[in-house]
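Structure first, then comments.
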Amino acid sequence: MCYAIPGKITDIKDKIVTVDYFGEIKKARNEFYELNPGDYIYAQGGFVINKISNEEAEVILETWREFFFKLKEVDLKLTYDTKTLHQRANAVRRQNTDNSCCVHGIVEFSNYCINDCLYCGLRKSNNTCIRYRMDTEEIVETCENAVNKLGFKALVLQSGEDFFYDDEKLSKIINRIREKCAVLLVMSIGERDLKIYQKLYQYGARGVLLRFETNNHELYKKIRPGHVLEDRINLIKSLRDMGFLIMTGFLVGLPEQSEADILSGIDLTGTLGTDMFSFGPFIPHPQTPLAGNPIPDINLVLDTIARARMRFPASKILATTALETLDKKNGAQKGLLAGANSLMINVTPKKYQSLYELYPDRAGIESDIEEKINLTLELLYSLGRAPADIGI
Ligand code: SAH
Ligand code: SF4
């Protein structure tokens, strides 16, 4: 396709001319005219169809210039219009990943943490948090139930950064689970030594869920005292190079986070070679220093999912539990219709679920696991999605 305005020839190679339309460069084939760089032509369907004088072309271009750029502006605005962005992202999801939807389980096996992240209810300074640790047997039993009875094919084992679970304990847990269940195991245990991760890989763990939380260096330093972003990113890269599947992303709606942070955060997530994108809203916890901050608008999270889908069309993108928490009735559905194609179901024993309070009033902890699975399947079937891990 060529514009119906004269273009200026900038280069000629045999029969192919390069044409400049207000900075936009196109090629056309010249079979009929004697042409030189600097000449003006009309092209259609990739062929030069007319040559016009420079004087005539410049008058026409002058009258078109303003309108040409105005049209481009409108086109750009409509392309990124959030009213249609979600639908378009959903269409891109379908074109690139079809209708399968991963439904992983998550086991939250300890809420002890040595860190003091400003946003998190499990931070060590939160004295009101009642702490628990599941022992090896209880973890293994929970996984056995999730895999062998409920049908999960992938489980995330998550905890605070809890050094009570050393390499020996963690290896034993993984070993025991793998003896009993055929399952993809994903570790979400924070910034532990590379040697520990290496050992966990040897024992059969194959994924890591480790968000970089924010790609803004200054903000990162503030909200994760004693830590720097480079260490987190380098760890994620090393784990990827070790062979782990990577699930990562960032918190959406953190105080001081700009739109540019969100856009470059999406880019960073993709360029880390991420296998599953995880963007969740920051939900302020009353017992943390960030208590007074507002809960982000759900659209900010949906827009982030949709933009990530447009930028990385074939990716797996999670509709997180925190997103569901912002709209308990429709949050998951909204995420899936804005470009997401993965969900997570909490399979932690019920007595611990309310204690794992990263943020208040988490979605899903009021119903039991079978009921949650049924609701999830109902939702997926109503949207024409095939659960890739459970169900079908
Ligand atoms: N300790 C590990 C894993 C548990 S925390 C780690 O930090 O990686 C898991 C995730 O919970 C974190 O990555 C963070 O993004 C999220 N989280 C913590 N506090 C939150 C809050 N107030 N709102 C939303 N998500 C939160
Ligand atoms: Fe600990 Fe993770 Fe919470 Fe930070 S986000 S305080 S590391 S559980």
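Residues whose amide H falls under 5 Å from that of ASN99, counting only those 5 or more places apart or on a different chain, are absent, with hydrogens built in the peptide plane.
Label-to-label distance for THR136 and ARG65 is 7.7 nm, based on points extended 7 Å past Cα in the beta-carbon direction.
Counting only Cβ charges, +1 for Lys and Arg and -1 for Asp and Glu, the dipole size of the chain around its Cα centre is about 760 debye. Among bridges DSSP assigns within the range 1-138, what percent are antiparallel (round to 5)? Of the beta bridges lying entirely in the range 1-138, close to 95 percent run antiparallel. Give the angle, between 0 and 90 degrees and rounded to the nearest 10, that separates the Cα long axis of helix 167-180 from the longest principal axis of the Cα atoms of the chain. It works out to around 90 degrees.
So what is the relative contact order for the chain, in percent, with contacts set as C-alpha pairs under 8 Å and at least six apart? List each step's numbers first, then the result.
Details: 718 pairs, mean separation 70.6, N = 392.
Across the chain, relative contact order equals 18 percent.
Considering only DSSP beta bridges where both residues belong to the range 95-382, give the percentage that are antiparallel (nearest 5). Given both bridge residues lie in the range 95-382, the antiparallel proportion sits at roughly 5 percent.
When only Cα pairs below 8 angstrom with a gap of at least 6 residues are kept, the range 1-78 shows a relative contact order of 27 percent. Relative to the longest principal Cα axis of the chain, at what angle does helix 194-203 sit, 0 to 90 degrees, rounded to 10? It is inclined by approximately 80 degrees. Residue ranges 17-24, 335-342 sort as 335-342, 17-24 when ordered by packing (mean number of other C-beta atoms within 10 Å per residue, highest first).
Give me the number: length gained by fully extending LYS27 to SER264, i.e. 0.36 nm times residue separation minus the C-alpha to C-alpha distance, one decimal in nm. Walk me through the numbers on the way to the answer.
Numbers: separation 237, 0.36 × 237 = 85.32 nm, distance 3.27 nm.
Stretched fully, the LYS27-SER264 segment lengthens by 82.0 nm.
Here is the link list: LYS124/LYS172; LYS149/LYS351; LYS149/LYS169; LYS124/LYS316. Which ones come out longer than 28 Å on Cα distance?
On the way: LYS124/LYS172 26 Å; LYS149/LYS351 20 Å; LYS149/LYS169 25 Å; LYS124/LYS316 32 Å.
Beyond 28 Å between Cα atoms: LYS124/LYS316.
Placing unit charges on each Cβ (+1 for Lys and Arg, -1 for Asp and Glu) gives the chain a dipole about its Cα centre, and among THR269, LEU379, VAL183 the Cα reaching farthest toward its positive end belongs to VAL183. Placing unit charges on each Cβ (+1 for Lys and Arg, -1 for Asp and Glu) gives the chain a dipole about its Cα centre, and among LEU219, PHE22, GLN158 the Cα reaching farthest toward its positive end belongs to GLN158. Distance between the pseudo-spin-label points of GLU179 and LYS350 (7 Å out from Cα toward the beta carbon): 3.0 nm.
With a Förster radius of 51 Å applied to the C-beta separation of GLU218 and GLU34, the computed FRET efficiency comes to 0.25. Principal axis analysis of the Cα atoms in the range 95-382 yields extents of 46, 46, 38 Å, listed in decreasing size.
Mind listing which chymotrypsin sites (Phe, Trp or Tyr not before Pro) in the range 30-72 are in a DSSP loop and have 16 or fewer other Cβ atoms within 10 Å? Walk me through the intermediate numbers first.
Details: sites: PHE32, TYR33, TYR40, TYR42, PHE47, TRP64, PHE67, PHE68, PHE69; in loops: PHE32, TYR33.
Filter output for the range 30-72: PHE32, TYR33.
Computed from Cα atoms, the angle from the helix 298-311 axis to the main principal axis of the chain rounds to 60 degrees. Rounded to the nearest 500, the helix-only mean residue ellipticity at 222 nm of the chain stands at -12000 deg cm²/dmol, with each DSSP H run of n ≥ 4 adding -39,500 (n - 2.57).
Taken as Cα centroids, the range 96-122 and the range 1-57 sit 56 Å apart, rounded to the nearest whole angstrom. In summary, the lysines within cross-link reach of LYS51, defined as a Cα separation below 18 angstrom excluding same-chain residues under 8 places away, comprise LYS8, LYS13, LYS15, LYS26, LYS27.
If R0 equals 45 Å, the separation of the Cβ atoms of LYS172 and THR82 corresponds to a calculated FRET efficiency of about 0.40. With just the Cα atoms defining each centre, how far is the range 269-299 from the range 150-222? Give it in Å. When both Cα centres are located, 20 Å separates them.
Find the relative contact order for the range 48-205 and round it to a whole percent, using C-alpha pairs within less than 8 Å whose residues are 6+ positions apart.
Once divided by the residue count of the range 48-205, the mean separation gives 20 percent.
Among GLY335, GLN202, HIS86, which residue has its Cα positioned farthest towards the positive end of the charge dipole of the chain, with +1 placed on the Cβ of Lys and Arg, -1 on the Cβ of Asp and Glu, and the dipole taken about the Cα centre? My answer, from the dipole projection, is GLN202.
Only the coordinates and a few stated rules stand behind these numbers; no lab work does. All values derive from a computational prediction rather than experimental measurement. So basically every Cβ, Gly included, is an ideal-geometry build from the backbone, and we count neighbours across all protein chains shown.
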